[in-house]
Amino acid sequence: MAYNDKVIDHYENPRNVGSFDKEDDGVGTGVVGAPACGDVMKLQIKINDEGVIEDAKFKTYGCGSAIASSSLVTEWVKGKTVEQALAIKNTEIAEALALPPVKIHCSVLAEDAIKAAVSDYKAKSGTAEDGYKVCQSAA
Amino acid sequence: MKLPVYLDYSATTPVDPRVAEKMIPFLTENFGNPASRSHSFGWTAEKAVEEAREEVARLVNADPREIIWTSGATESNNLAIKGAAHFYETKGRHLITLKTEHKAVLDTMRELEAQGFEVTYLDPKPDGLLDFQAFREAFRADTSLVSIMHVNNEIGVIQDIAAIGALCRERGVIFHVDAAQSTGKVAIDLAKLPVDLMSFSAHKTYGPKGIGALYVRRKPRIRLKAMMHGGGHERGLRSGTLATHQIVGMGEAFRIAREEMAAESSRIRALRDRLLAGIADIEEVYINGDLEQRVPHNLNASFNYVEGESLMMAIKDLAVSSGSACTSSSLEPSYVLRALGRSDELAHSSIRFSIGRYTTEADVDFAISLIHKAVERLRDISPLWEMYKDGIDISSVQWAAAAH
């Protein structure tokens, strides 16, 4: 299928590829998707004492749109507070990358990855609120 | 080198220039309707059609009267399966096929099921070949037809149609073979093979798209119920004005295939071996389908921990397919690889390379170098590769998506 230029740019020059030490207290790790579905995203965020996301890294197994969605999200969450990051919606990601309908699930997965990473961070730092489920899906 | 390099000959082939040249006069000067009996325009066209029919028959060692023109292998498969199933309906309403058949066979079977027929879909062995034990057990007293392909379109394995046909003959069951992928690749001798119906396509063998043929055995005679009604062309089995230029193209393509098949196959085998050796040193590469009982034109490999579609993006200077070209527009992994028992991950990670008449050594070397770079780059950003390298068994992980 023919891809949008923005997807190709993120796919060919993915931003913030890599990993942090997931045992680090300031790091939240979210792994979403499943190999059987053809998509697995790992998003990691590094959060400072002020609750601001200082850095983010990702690794993704999946199609070009999945790689682009996670790459874009690492750019977007940097400099945001945890609450601001949680406000990122899959529709914004899909719109920014002009994803076709068949690839919308990639943006859903990217939103899930942010929530999973934040949830992991909160669980570790003892600030977890009751209730958020990693697997509640819009898919 | 012209980019992208075409390595998708199993999807379609270019028309050989010798074929195109022979077709053109039948579009402009010799445009007559082969069914016109009253003037030379018609006679010229009819002669060309019959010469082409002889060429198609010669490639497979059949009688020209056993060749029926169709629009392609899909129509041939439909006509053979539905035509025979309906004609012999009173004998039985049970059919047998393989799960790795082309959709033109599987969907035709589904349609017959909707009409009240019963169909057994056999699982292939993990190497893609028919499991003869299961096949023998699948026959019933009311089995009327078996349809098994010759060469698989995704993995290139060659089914033993002589042995399959012999088992059908013993039981008086009609045997149809989809040979769309085998003409010009594997020798076919219908004087010896116990095959009753065989489907052919021109465009997989350097002929034009939109034309195919169906072999219908005369001795013992196989009868079909026609699907297309009209002027009674092709002995009433397939009405519709014959596409003379397309037919001439198919005849010429099959003539070239007959004359050049032996030399071409050994050249292509050398290229396939070169490609295989070139990618075999990549870690975690799996070849799908048996390597011995297989046409050399096809190499289907799974690059574990790399997703197929992203790999195709990374090797966009190669025209290849991930699974079958017909199914890659969906998000489902290849049903053929799933039927072999491959995991979803490996099915998602598969690439089909198919080599043909115009592939060069330079093309293959270019492909090898591109694949090496692409797989390395995508594994660098793959969380699954990272887990594999950390010694984590990916099949034991509880994936979040499973709870969705």
Descending packing, highest mean Cβ count within 10 Å first, for B:242-250, B:381-389 is B:242-250, B:381-389
Heads up, the protein assembly as shown by the C-alpha gyration tensor (a ≥ b ≥ c square roots of eigenvalues; a/c under 1.5 rounded, else a/b over b/c prolate, else oblate) looks prolate
The FRET efficiency for B:GLU260 and A:GLU23, from their Cβ-Cβ distance with R0 = 56 Å and rounded to 0.05, is 0.30
Placing +1 on each Lys and Arg Cβ and -1 on each Asp and Glu Cβ in the protein assembly as shown, then taking the dipole about the Cα centre, the residue among B:VAL216, B:ALA180, B:ILE164 whose Cα reaches farthest towards the positive end is B:VAL216
The set of residues whose placed amide H lies less than 5 Å from the amide H of B:THR70, leaving out same-chain residues fewer than 5 positions away, is B:GLY212, B:ALA213, B:LEU214
Computed for chain A: size of charge dipole around the Cα centre, +1 on C-beta of each Lys and Arg, -1 on C-beta of each Asp and Glu, debye to nearest 20, value 340 debye
Rounded to the nearest Å, the spacing of the alpha-carbon centers of region B:32-56 and region A:1-71 is 64 Å
A:GLU54 and B:ILE24 label points (each 7 Å along its Cα→Cβ direction) are spaced in nm at 7.1 nm
The answer for trypsin sites (Lys or Arg not before Pro) in region B:143-201 that fall in a DSSP coil and have at most 16 neighbouring Cβ atoms within 10 Å is B:LYS192
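Tally Lys/Arg at +1 and Asp/Glu at -1 over every other residue whose Cβ is under 12 Å from the Cβ of A:GLU12; what's the total?
Details: positive: A:LYS6, A:ARG15, B:LYS316, B:ARG377; negative: A:ASP5, A:ASP9.
Charge balance near A:GLU12 sits at +2.
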Place a point 7 Å from the Cα of B:ILE392 in the direction of its beta carbon; the residues of region A:51-80 whose amide N falls under 13 Å from it are A:59-61
Partner lysines whose C-alpha sits under 22 Å from that of B:LYS22, ignoring same-chain residues fewer than 8 away, are B:LYS47, B:LYS204, B:LYS209
dims of region B:212-332, Cα set, principal axes, largest to smallest, nearest Å -> 59, 38, 31
If every Lys and Arg gets +1 and every Asp and Glu gets -1 at its Cβ, then about the Cα centre the protein assembly as shown yields a dipole, in debye to the nearest 20, of 2460 debye
Once both label points are put 7 Å beyond Cα along the C-beta direction, the B:ARG269-B:LEU370 separation in nm becomes 2.7 nm
With all protein chains present, chain B has a carbon and sulfur share of its accessible area (1.4 Å probe) in percent of 52 percent
Heads up, chain B by the C-alpha gyration tensor (a ≥ b ≥ c square roots of eigenvalues; a/c under 1.5 rounded, else a/b over b/c prolate, else oblate) looks oblate
About its Cα centre, region B:263-322 carries a charge dipole, from +1 on Lys and Arg Cβ atoms and -1 on Asp and Glu Cβ atoms, whose size in debye to the nearest 20 is 320 debye
Along the dipole axis of chain A (charges at Cβ: +1 for Lys and Arg, -1 for Asp and Glu; origin at the Cα centre), the most positive-end residue among A:GLY51, A:CYS37, A:SER71 is A:CYS37
The extension gain from B:ALA362 to B:TYR286, computed as 0.36 nm times the residue separation minus the Cα-Cα distance, is 25.0 nm
Residues meeting the amide H criterion for B:ASN61 (H placed from the backbone, H to H distance under 5 Å, 5 or more places apart or on another chain) are B:LEU190
Here the FRET efficiency for A:ALA98 versus B:LEU3, based on Cβ atoms and R0 = 45 Å and rounded to 0.05, is 0.95
Binned at 5 Å starting from 0, the alpha-carbon pair-distance distribution of region B:252-404 in whole percents comes out as 2, 8, 17, 20, 19, 15, 9, 5, 2, 1, 1, 0
Given B:274-284, B:50-60, the highest-first ranking by average Cβ count within 10 Å works out to B:50-60, B:274-284
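Is the shape of region B:1-130 rounded, prolate or oblate, going by the alpha carbon gyration tensor and its root eigenvalues a ≥ b ≥ c, with a/c under 1.5 for rounded and a/b larger than b/c for prolate?
Oblate, since a/c reaches 1.5 and b/c is not below a/b.
The values are calculated or read from the model by the stated rules, or taken from the named source; none is laboratory data. All of these numbers come straight from a predicted model, not from anything done at the bench. Methodologically, a virtual Cβ is constructed for each residue, glycine included, from the backbone with ideal geometry; neighbour enumeration extends over all protein chains shown. All accessible areas refer to the heavy atoms of the entire protein, side chains included, with ligands and DNA or RNA removed. Shrake-Rupley method; radii C 1.70, N 1.55, O 1.52, S 1.80 Å.
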